[in-house]
Amino acid sequence: MTAVSEDEINNWDQAIVNLHATVATEPADERAAREAAANLWSEFGYRDAPADVVRMLVHAIEIGYITALRDLRNGGGDRLTEPLPRD
């Protein structure tokens, strides 16, 4: 595996921060996502990772959670009963 430079990590982090800012438009969803990510990370997180990497991963978890909440609010929950596509 190739070593990852600090610049690459910073670029990834900035991309995730920008995406997070784009999807985190509802304060209640953001709070719920922050709590869910904190619970998930405290249970399964990689505790020895550098702080910048942890922040990036937690933001990525929050993005997924916020997006799922928005999809459910917009009626996307109907798809939950459909079988998942197979590769």
Sorted largest first, the C-alpha extents of the chain along its principal axes in whole angstrom are 42, 36, 25
Candidate span helices, the chain: DSSP H, at least 30 Å along axis from Cα coords, Kyte-Doolittle average at least -0.5, result 51-73
Heavy-atom accessible area per residue of the chain, all protein chains kept, 1.4 Å probe, expressed in Å², is 77 Å²
Rounded to one decimal in nm, the spacing of the 7 Å Cα→Cβ label points at R73 and T2 is 4.0 nm
For the chain, the percent of accessible surface on carbon and sulfur atoms (probe 1.4 angstrom, ligands and nucleic acids excluded) is 55 percent
So, with points 7 Å from each Cα along the Cβ direction, the R47-A28 label distance in nm works out to 3.5 nm
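The values are calculated or read from the model by the stated rules, or taken from the named source; none is laboratory data. These numbers come from a predicted model, not from an experiment. Note that we place each Cβ from the backbone using ideal geometry, even for glycine, and neighbour counts take in every protein chain shown. We work out accessible area using only protein heavy atoms, side chains counted, and drop any ligands, DNA or RNA first. Shrake-Rupley method; radii C 1.70, N 1.55, O 1.52, S 1.80 Å.
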